[in-house]
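**Student:** I have a structure I would like to understand better, so I am pasting it below and will then ask my questions one at a time.
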Amino acid sequence: MAADGDGERVIFQFETPDAVKPWQVVNDGVMGGRSEGRFKINDDNKMEFFGTLSLENNGGFASVRARGEISALELDDVIVARVKGDGREYQFNLYAQRNLGGFSYRQSFKTIKDEWVEVELPVDEFVATWLGRIFPNEKLNPANVSGLGFLLGDKKAGPFKLEVDWIKVK
């Protein structure tokens, strides 16, 4: 992570083709669903997470995740992401296992259709989830965070698109 002039640490920017390397898609197909989520770095050097959410075969989620790059995260930090969405509600996940499995620590955020917004996500407000269930007694140890990602699972079938300009910690 690089620090900028305001003491913020940049986790991800998408200014080079290599920026895509740590990212991977995980959709509901792992459980038999039929959602199609994809991502790319667009011509404006933004990451686009896009596709079609399907509720067929007990499906209903699409996600994109990245490993690493989150050193020295603390409970009083705030993760800030500059995003442009489609008016849907997305989730931002932190992962504390190397394989990005197990619990995900989650916060939801709403997008405004076709408008860039900066979403602030306090680290101490992430909630543990697993297979859609909340585990309120499972607390995040920020020192163990080994990945992050975006997820759509709003139970509304149809196309979606979320653009991400950057992700920082302040």
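The values are calculated or read from the model by the stated rules, or taken from the named source; none is laboratory data. The structure displayed is predicted, hence computed values, not measured ones. Every residue, glycine among them, receives a Cβ derived from its backbone with ideal geometry; neighbour counts consider all protein chains shown.
**Student:** Go through segment 129-145 residue by residue and tally those that are surrounded by fewer than 17 Cβ atoms within 10 Å (Cβ to Cβ), touching a residue at least 24 places away in the same chain (Cβ under 8 Å) and outside any strand (DSSP E or B).
**Tutor:** Step one: list which residues in segment 129-145 are surrounded by fewer than 17 Cβ atoms within 10 Å (Cβ to Cβ), which gives 130-139, 141, 143-144.
When the remaining residues are screened for being touching a residue at least 24 places away in the same chain (Cβ under 8 Å), the result is 130, 135, 138, 141, 143-144.
From the residues that got through so far, the ones that are outside any strand (DSSP E or B) too are 135, 138, 141, 143-144.
Matching residues across segment 129-145 total 5.
**Student:** Let me ask something additional. Quick one: which of GLN13, GLN24 is in contact with a Lys or Arg (Cβ under 8 Å, 6 or more places away or on another chain) and of a type in the set (S, T, N, Q)? Show your work before the answer.
**Tutor:** Values: GLN13 fails: in contact with a Lys or Arg (Cβ under 8 Å, 6 or more places away or on another chain).
On inspection, the qualifying residue turns out to be GLN24.
**Student:** Say whether the condition of being modelled with pLDDT of 95 or more and touching a helix residue (DSSP H, G or I) at 6+ places or on another chain (Cβ under 7 Å) is met by at least one residue in segment 96-107.
**Tutor:** yes
**Student:** For the subset of segment 29-82 comprising residues that are aliphatic (A, V, I, L, M) and over 23 Å from ASP124 (Cβ atoms), which member is surrounded by the fewest Cβ atoms within 10 Å (Cβ to Cβ)?
**Tutor:** Of segment 29-82, the ones aliphatic (A, V, I, L, M) are 30-31, 41, 47, 53, 55, 62, 64, 66, 70, 72-73, 75, 78-81.
Those left that are additionally over 23 Å from ASP124 (Cβ atoms): 30-31, 41, 47, 53, 55, 62, 64.
Values: VAL30: 9, MET31: 12, ILE41: 18, MET47: 25, LEU53: 25, LEU55: 15, ALA62: 27, VAL64: 25.
If we take residues in segment 29-82 being aliphatic (A, V, I, L, M) and over 23 Å from ASP124 (Cβ atoms), then VAL30 is surrounded by the fewest Cβ atoms within 10 Å (Cβ to Cβ).
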